[in-house]
Amino acid sequence: MNALAPLGVLYGRIIKLRNRLYDRGLFRSHSLGTKTISIGNLTTGGTGKTPLVALVAEMLAASGEKVCILTRGYGRANSKERVLVSDGVTVVTDAITGGDEPVELARKLLGKAVIVADADRVAAAMWAKEKFGITAFILDDGFQYRRAKRDLDIVCIDATDPCGNGRILPAGKLRESFKELRRADAIVITRSNLVDSTEDLTTRLRKRNAAASIFKASTRITQVVELSDFLTGTRVDDTEVQSVFAFCGLGNPDNFRRQLESEKLNLSGFRSFSDHRRYKQVDADSLTREAKTLGSTALITTAKDAVKLTDLIFEIPVFVSESEVN
C-alpha cells in the first residue's frame, strides 16, 4: 500500500473543490486582454510540453502576432521575483535566475517571443502588454493556473507514461484527477513515436472528453551541436556523433534515453539527475570519469540541461541534442 495515498486523496479533494469554485465563478479568472493559449499537463515531470510551447509560439509569430510566453520558471533562484528572460531580441538572464526551461525557450525563440517568469502570470501579462505591445500570450504549464482566462486550453499527455501510477500528488504524479480533462479544448498525445500504439490511450481520453480535438505528436532530434556552439547560438551542420555517454536532469529522464536510441545513437551509458538539476563542477568531473571508464570520448545532454553548463569545464566534448515536435 502507498503510505502517501491518504494525502493524495486529501489533496485531490482540495483541488476538486478549487476547480468547482472557479467553475461557479466564486473564484475569479482574469482576462489578459488579448488572445491567450494555455499549454499544460495533468502530471508532474516531463511530458514533452516545452517543444510544443516553442512550436505554438513560432506559429503565432509567423502569423504576425507579438508573442509573450508567461511561465512560472520552476527551479529558479527566487520564485517570487519577476524576471524578464527574453525581450524578444536578447536572452537577458541566466538559467539560475530565470529558470532552465524559460532560458531554453528564449534561446530557441530569439526574434519570435518575449518570455517572462513570474508566479503571478496575470500581473506579468499586464506588465508585458504595456511594455512590449503583446498581442498573444502563451501560458506555459498553465492548465492548473485558473486565475488567467484562456481562449484555448491544450493539455499534453505523455504516451509513454500517461498518468504515472494513477494517484494524485504526493502519492503519485497526477496534479489533479483525469476527470479534469473535461476542461481541455485540445489534447496532444506527445512522444507517440516512442510507443507501439496510442489507440487504447485515445479511447481512454475520449471517454474523459468527448468534444476535445485529440492529436498525436512525435518528438525528434533536429540537431546535435557542440556545447560551445549551442551556448553561443552558432548554427552548424549536424555533428557526427559516435559512442557517447548521455546525461540529463528531467522529469522523465528515460524518455531522453529512448529518444537517443530511437535516433540510432550509440550510447555507452546513461545517468539521470533530479529534475532542474543545478550542475556543479563535481558533476562535470564525475560524468567525464564515468564516460571514459565506459570507453566514450564524448557526452551528450539536452538543451534544457545545456543552459546550466555555462561555467563548467569538461575534459571531453559535450554535445547538445535539440528536439522539436511534429
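The values are calculated or read from the model by the stated rules, or taken from the named source; none is laboratory data. Predicted, not measured: the structure shown is a model, and the values here were computed from it. Note: ideal-geometry Cβ built from the backbone for every residue, glycine included; neighbour counts use all protein chains shown. Ligands, DNA and RNA are excluded from the accessible area calculation, which covers all protein heavy atoms including side chains. Shrake-Rupley method; radii C 1.70, N 1.55, O 1.52, S 1.80 Å.
Couple of notes before you dig in:
- Subset of segment 181-198 (residues that are buried (at least 18 other Cβ atoms within 10 Å of the Cβ) and assigned to a strand (DSSP E or B)): ILE187, VAL188, ILE189, THR190
- From the list LYS308, LYS304, the one residue that fits, being buried (at least 17 other Cβ atoms within 10 Å of the Cβ), in contact (Cβ under 8 Å) with a residue 40 or more places away in the chain, of a type in the set (Lys, Arg) and more than 24 Å from LYS173 (Cα to Cα), is LYS308.
- Within segment 305-326, tally of residues that are at pLDDT below 95 and either among the hydroxyl-bearing types (Ser, Thr, Tyr) or under 15 Å from the mean Cα position of the chain (by Cα) (or both): 6
Results for (1) of a type in the set (Lys, Arg); (2) open to solvent by less than 10 Å² (accessible area, probe 1.4 Å); (3) farther than 30 Å from SER197 by Cβ, shown as yes or no for each residue.
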{"position": "TRP127", "(1), (2), (3)": "no, no, yes"}
{"position": "GLY133", "(1), (2), (3)": "no, no, yes"}
{"position": "ILE138", "(1), (2), (3)": "no, yes, yes"}
{"position": "PHE143", "(1), (2), (3)": "no, yes, no"}
{"position": "ASP151", "(1), (2), (3)": "no, no, yes"}
{"position": "CYS156", "(1), (2), (3)": "no, yes, no"}
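- Meets criteria (farther than 30 Å from GLU315 by Cβ, open to solvent by 70 Å² or more (accessible area, probe 1.4 Å) and touching a residue at least 60 places away in the same chain (Cβ under 8 Å)) for ARG220: yes
- Selected residue (criterion: most open to solvent (accessible area, probe 1.4 Å)) from residues of segment 27-51 that are assigned to a strand (DSSP E or B) and farther than 14 Å from LYS129 by Cα: HIS30
- Any hit, segment 93-114, residues being open to solvent by 40 Å² or more (accessible area, probe 1.4 Å), modelled with pLDDT of 95 or more, under 17 Å from ILE37 (Cβ atoms) and not in a helix (DSSP H, G or I): yes
- Here LYS80 passes the criteria (1) among the charged types (D, E, K, R); (2) at pLDDT 95 or above; (3) open to solvent by 80 Å² or more (accessible area, probe 1.4 Å) except the one numbered (2).
- Residue match in segment 278-298 (condition: in contact with a strand residue (DSSP E or B) (Cβ under 7 Å, 6 or more places away or on another chain), open to solvent by less than 20 Å² (accessible area, probe 1.4 Å) and either assigned to a loop (DSSP other than H, G, I, E, B) or of a type in the set (Ser, Thr, Tyr) (or both)): yes
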